[in-house]
Amino acid sequence: MSWLRRVTARFPTVVLARRNLSRASARTTLAVVAIVIGVVAIGTIGAGGEAFKQDQMEAYEGFGGTATVSPVYYQNDDGDIVGGISDKDVSRMRQVTSGATVHPVIQRWDTVVRTSSGETSPSAQVKGLAALGTFYEAQSGSIPDSWRQQVVVGSRFADNNDVETGDQLTVTINGSFERTFRVAAVLEPQGFADQLQADRSVFLPFDRLSQLEDSESEYGSVIVRVDPQTASIDEAAESLETEFNTRRRTIAVSEVQEQRERFGQTFEMINQFLIGVGSISLLVAAVTIANTMLMTAIEREREIGVMRAVGYPKRAVVSLLLAEATILGLVGAAIGVPLALGIGMGLNQFLVGDPLAFTAAGLRYVGLGALFGVLTSLFAGVYPAWKSANKRPVEALE
Amino acid sequence: MTWETSDSEGAKPTETARGDRPGDAAGGGDLILRGEDVTKEYQTGTQTVRALKGIDFGIAPSDFVAIVGPSGSGKSTLLNLLGLLDVPTDGAVSLRGQDVSTFSDADRTRKRKRAIGFVFQSFYLIPTLTALENVEMPRMLDKTPVKTRERAKTLLRRVGLGDRLDHYPDELSGGQKQRVAIARSLINDPALLLADEPTGNLDRDTGDEILALFDELRAEEDVAIVTVTHDAYVAEEADRVVNLVDGVIEDAGETAADGGHGA
């Protein structure tokens, strides 16, 4: 007796089940296809959603332990809009958040950016931020530490205007300041969750902007950063709130980690909803499997009657039919998982730029799809199996 | 061996019939199966059909009994009761002295497996299993694959199919299929073989081969055979012919020259 037979003889139910499935191959194939579709739907939506989330979350990468501070504006008694963050405010921030680095961000709205070919880009946001390199990474070129003659541009700005590292850009501000800069670096794409919308920005040297004569030393926002190892951003945020918002709310402090979590949660919810929709395909698969198994049970009524007659207990008949249903699920999952992973790799390549950039959560969804596929099949087999086993052998044989 | 219609057709209350039988278990000790005042009723819609109207029977080792009768006479019902596939409405059927009505469904399944083999008119082989695997089928769940395989091979050689072990049912002739089915029925060394029209789908020569095989089994292994048949020549071969008409036994006579094995 061969070793193979020794092994298979240990699991006679599985052997019988597999043989039975091979009998109606078209039906079996269709049932498997239904499961494959379900597994692929859940796995792909899950893994793809995770890839998309990961892509968007990259924007938070440089912002660990940071909070953004933005001004709150009011209308005063004279009807003027007042508020904003001044140099003095920035100094106060530095004082109350000892140990934190405070990076004011200058944003100018009265700018024109012209490329060397003469095209102007009205949507470009001109900003100034010191220590830019600690927040972002460059996809080409490198972000200089201190700079006066160069600019760094966001990925979307670069794409839209055909700008590459080394190109010249001319920036005009308020009609008076005009200067040509060399592009030192193009930043990596950040996605819509980015704090500063760096994708659409042109970063000028901070000192250039702050030293403009018309500058009223007003900042669009301030980034406060602590070293998460030694200090807490919560404390820094609290100090800022106490200092600036006790009498009247003059600044809004938002911790990036919180934003990130909120964003992640929202995304998780959308993803789960989509997976829920995808699961409907497994429900359809369950109906298909139940139907397949019922047909099998009816077709083999006599045969099962004989098995009962020659001494197979009900339990054995139930096991046999459940084994058949489960095999359908296992085969469906075995085909569905590689398919889902393949499609997931495509999505990863497209969204994150690395086909193997699966997250644990993404892989978990693929696993979940496979598990649901098998469980669905098993569950769908219960009623046909029960019905079949409880048929009295006499009735089955007549 | 007795086959009689009960005097009081089903009038006897069940409890009496089952109640005082302690002595019978010992008395019928060498009987494989014994039935007393066996009545079977079916509910079809609002009507109650009495398929068996109080019959007595006993089957001893190596008996060969043929049950004949027109269709609807209760033959299949009787065979089902003999095969522990069903329980009587009234009266008692006992297997080696044990009342089958006291068995649970699982018990009956277990006893059936050990004591009774089945052969059907349409063979009912499993098409996805080879001849050898079909014979093994009743014992496939027993976790004794080596022993089972040896026994199955022996049985197939015995029925003359030693060279057809790995053939699938659709590669076998009708007679060969029935021989596989007989080998299957013998895998658990049953004391009783129930054959429902075993020659019904076979030509005369093949049918003769099957009957010869039955004779061998009785002679060599003391297997009792009860068959339901329409074929007169099968009935002729039997020790005893039970003529069932309308749920009662019309006349029970010994046909074969070798006489009955009295019970």
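The values are calculated or read from the model by the stated rules, or taken from the named source; none is laboratory data. Just so we're clear, the structure is a prediction, and the values are computed from it rather than from any experiment. Backbone-built Cβ (ideal geometry, glycine too); neighbour counts: all protein chains shown. Keep in mind that these areas ignore ligands, DNA and RNA; they rest on the heavy atoms of the full protein, side chains included. Shrake-Rupley method; radii C 1.70, N 1.55, O 1.52, S 1.80 Å.
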Note down the nm distance, to one decimal, between modelled labels 7 Å out along Cα→Cβ at A:L30 and at B:A219.
-> 5.5
Would you mind pulling out the separation of the Cα centroids of the stretch B:145-213 and the stretch A:80-138, in Å?
-> 93
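For the stretch B:130-208, give the percent of accessible area contributed by carbon and sulfur heavy atoms, probe 1.4 Å, rounded to a whole number.
Numbers: 1260 of 3000 Å².
Taking all protein chains in place, the stretch B:130-208 shows 42 percent carbon and sulfur surface.
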Among A:I251, A:L347, A:L282 - extreme Cα towards positive end, dipole of chain A, charges at beta-carbon | A:L282
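Normalised by the residues of chain A, what does the relative contact order come to in percent, with Cα pairs under 8 Å and at least six apart? Could the numbers behind the result be given before it?
On the way: 711 pairs, mean separation 117.6, N = 398.
For chain A, the relative contact order is 30 percent.
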Determine the distance separating the Cα centre of the stretch A:330-398 from the Cα centre of the stretch A:1-33; give it in Å without decimals.
-> 18
Hey, can you list the DSSP H helices of chain A whose Cα span along the axis is 20 Å or longer and whose average Kyte-Doolittle score is at least -1.0?
-> A:25-57, A:256-299, A:314-351, A:360-390
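Report, in debye and to the nearest 20, how large the dipole of the stretch A:65-255 comes out about its Cα centre when Lys and Arg carry +1 and Asp and Glu carry -1 on their Cβ.
For the stretch A:65-255, the charge dipole is close to 220 debye.
List the accessible area buried at the contact between A and B, summed over both sides and calculated with a 1.4 Å probe, in Å² to the nearest 100.
Counting protein atoms only, the buried area is about 2600 Å².
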To the nearest 10 Å², what's A:M295's accessible area with a 1.4 Å probe?
-> 80
From most to least accessible, 1.4 Å probe, no ligand or DNA/RNA atoms counted, B:T229, B:T46, A:T120 line up as B:T46, A:T120, B:T229
Would you kindly find the accessible area of A:V151, with a 1.4 Å probe and non-protein molecules such as ligands, DNA and RNA excluded, rounding to the nearest 10 Å²?
-> 0
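Could you size up the charge dipole of chain A around its Cα centre, putting +1 on the beta carbon of Lys and Arg and -1 on that of Asp and Glu, and report it in debye to the nearest 20? If you can, show how the numbers build up before the last one.
Numbers: 35 positive and 43 negative charges, 728 e Å.
Rounded to the nearest 20 debye, it is 3500 debye.
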Quick one: net charge of A:E50's neighbours, Cβ under 10 Å, K/R +1, D/E -1?
-> 0
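Using only C-alpha positions, report the orientation-averaged shadow area of the convex hull of the protein assembly as shown, nm², one decimal.
47.9
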Under a 5 Å amide H to amide H cut-off, with H placed in plane at 1.01 Å, what residues pair with A:Q125 once short-range neighbours are removed?
-> A:S201, A:V202
Any idea what diffusion coefficient the stretch A:65-255 gets from Stokes-Einstein, in µm²/s, Kirkwood Rh on alpha carbon pairs, 4 °C, 1.567 mPa s?
-> 74
Let me have the 222 nm mean residue ellipticity of chain A computed from DSSP H runs of 4+ only, each contributing -39500 (n - 2.57), with the sum over all residues rounded to the nearest 500.
-> -18500 deg cm²/dmol
What do you reckon, how do B:F57, A:F273 stack up by accessible area (1.4 Å probe), largest on top?
-> A:F273, B:F57
Heavy-atom accessible area of A:I37 with all protein chains present, probe 1.4 Å, nearest 10 Å²?
-> 90
